[in-house]
Amino acid sequence: MASFNGVPVRVPDHPIVPFIEGDGTGRDIWKASVRVFDAAVEKAYQGKRSVTWYEVFAGEKAKARFQNWLPDDTISAIREFRVAIKGPLTTPVGGGIRSLNVALRQILDLYCCVRPVKYYAGVPSPVKHPERMNIVIFRENTEDVYAGIEWEEGTSDAKRLIEFLNKDMLKGGKKQIRLDSGIGIKPMSVTGTKRLVRMAIQHALDNKNKAVTLVHKGNIQKFTEGAFRKWGYELATEEFRAHVVTERESWVIDNKDKNPGLTVEENANLIEPGLEFATDDFRRDLYKEVKDCLDCIYATHGKGAWKKKLMINDRIADSIFQQVVTRADEYSVLATPNLNGDYISDACAAQVGGLGIAPGANIGDGYAIFEATHGTAPKYADKDVINPGSVILSGVMMFRHLGWTEAADLIEQSLERTIEQKKVTYDFERLMEGATKVKTSEFATCMIENMGVAVAAD
Ligand code: NAP
């Protein structure tokens, strides 16, 4: 049984799955990937399950055939079949569309970008302990500076907005905006944040992860990034109360577990050392927080029970960049606003093999597109050299989403085995000693053979 954000979905044994081949290297990658997918499904289910791949068009192929970069039929097919997989798409230059990928996400309201980052043995890595990284990043996909609300420096709109801000909103204060500025708007909403954090927590509970970390820059941008943190905790404690404990709650409960006679005031002093120097208001608020926590959840979470709950904590964005390098194993699920998520996803991926094997999915309530996170790499197009790993692992995510765990496991195991055998595409071969460089198609063949499936000669 598959599920969309905790809502169960029945998957037929022989589903139709739309695919967008993708531009540039997408063509080679798709040809290789689909062979791997079919071999894994056949091996895992012996005909009891199969996928009918249904090509839908976007990008250059759609433009050439239908004079349309993103035909409505493509959107309708994804709506009809709910789950799709795609290769990379060219961003049309001067086509009136900023990016086809962004357009797809917006039209289908795929509000969450999911990027699992995991180490496969043998993959070349720039860090000493890449095996410590096993993190899934949930990045908000629709808001933040990506909302695309901005005005170019020097335009009359930019001038009008700056004037309004300087003369009205900022009147009488110390801050003024320079007249030669461009302006961008960074909206972040309760709705956008809570549905993203809900999906991250549901995933963590489904997969028995130990923590969900809210990543934000709330120390500087209080009403956007800081609010993301606040709304994230609110969502966690309102909707998942029985299953979660926040980091601060865990301190309060642990203090009481270790010393049951502790008063609220003594407990608060352990949480905030130096409390005697704080203002009365601060002290009063903290006492209330400690008392409320104990009244509300000590009965259910106390006496060590909190250790079995999902931990909800938060980290400032700059510190998480250090943490994922130095202590990656302390993190399992990150929930992030749009821009921070963009950076941290690639920073994490770089530790475990980079773009060539970085899978992703864009998921909403009811629809999901699984996709390569890299671009079309046009200089390698149709040369049969590129690493198909990103789309292959996006397929693994798709099969897991459908509940086809056996096929997903087979693909992951065969990918790992093939890399351990040092049969790799150019991007890995140049970083590995004693590796054999194989073509995109040959990599797929090696993977299929490693599943124990015979490969017919061409
Ligand atoms: P790119 O296509 O991602 O390629 C940049 C470099 O990344 C390549 O030259 C290659 O590096 C490496 N790379 C990319 N895919 C790889 C793979 N499968 N295996 C191994 N290495 C890989 O980025 P770009 O050249 O900036 O963008 C090209 C086009 O793609 C643009 O039109 C852009 O808008 C579009 N794009 C689409 C998506 C998407 O569809 N999701 C995402 C990003 C960009 P080396 O040359 O060093 O080997």
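The values are calculated or read from the model by the stated rules, or taken from the named source; none is laboratory data. It should be emphasised that the depicted structure is a prediction, and the values quoted were computed from it without experimental measurement. Using ideal geometry, Cβ is built from the backbone for each residue, glycine included, and neighbour counts are taken over all protein chains shown. Calculation scope for accessible area: heavy atoms of the full protein, side chains included, ligands and nucleic acids excluded. Shrake-Rupley method; radii C 1.70, N 1.55, O 1.52, S 1.80 Å.
Right, Leu393: in a helix (DSSP H, G or I) and within 12 Å of the ligand (Cβ to nearest atom) or not? In short, yes. Only one entry of Gly59, Gly96 meets the criterion of being crowded, with 16+ Cβ neighbours inside 10 Å and either basic (Lys, Arg) or modelled with pLDDT under 95 (or both), and that entry is Gly59.
Would you say Ala407 is crowded, with 18+ Cβ neighbours inside 10 Å, of a type in the set (A, V, I, L, M, F, W, C) and more than 10 Å from the ligand (Cβ to nearest atom)? Spelling it out, Ala407 is indeed crowded, with 18+ Cβ neighbours inside 10 Å, of a type in the set (A, V, I, L, M, F, W, C) and more than 10 Å from the ligand (Cβ to nearest atom).
The residues listed here are Asp23, Asp28; of these, the one that is over 21 Å from His401 (Cα atoms) and not in a loop (DSSP other than H, G, I, E, B) is Asp28.
Figure legend. Inter-residue proximity from region 143-165: first residues open to solvent by less than 100 Å² (accessible area, probe 1.4 Å), second residues at pLDDT 90 or above and among the β-branched types (Val, Ile, Thr), beta-carbon distance below 7 Å, spacing 6+ or different chains. Indicated pairs: Ala147/Ile185; Ile149/Ile185; Trp151/Ile183; Ala158/Ile183; Leu161/Ile183; Ile162/Ile177; Ile162/Ile183; Leu165/Ile177.
Listed here are the helices (runs of 4 or more DSSP H) enclosed by region 208-304 that have at least 1 residues being at pLDDT below 95 and open to solvent by less than 60 Å² (accessible area, probe 1.4 Å): 264-271, 280-301.
Within region 378-386, is even one residue open to solvent by less than 20 Å² (accessible area, probe 1.4 Å), away from the ligand (no atom under 11 Å from the Cβ) and out of contact with any Gly (no Cβ under 8 Å at 6 or more places or on another chain)? Within region 378-386, none of the residues are open to solvent by less than 20 Å² (accessible area, probe 1.4 Å), away from the ligand (no atom under 11 Å from the Cβ) and out of contact with any Gly (no Cβ under 8 Å at 6 or more places or on another chain).
Can you tell me which residues in region 322-333 are in a helix (DSSP H, G or I) and under 17 Å from Val136 (Cβ atoms)?
Gln323, Val324, Ala328, Asp329, Glu330
Taking Arg430 as the residue in question, decide whether it is open to solvent by 40 Å² or more (accessible area, probe 1.4 Å) and within 16 Å of the ligand (Cβ to nearest atom). Answer is yes for this residue.
Going through (1) modelled with pLDDT of 95 or more; (2) touching a strand residue (DSSP E or B) at 6+ places or on another chain (Cβ under 9 Å); (3) closer than 26 Å to Glu143 by Cβ one by one, Arg105 falls short only on (1). Being among the hydrophobic types (A, V, I, L, M, F, W, C) and touching a Gly at 6+ places or on another chain (Cβ under 8 Å), is that true of even one residue in region 434-441? The answer is no; no qualifying residue exists.
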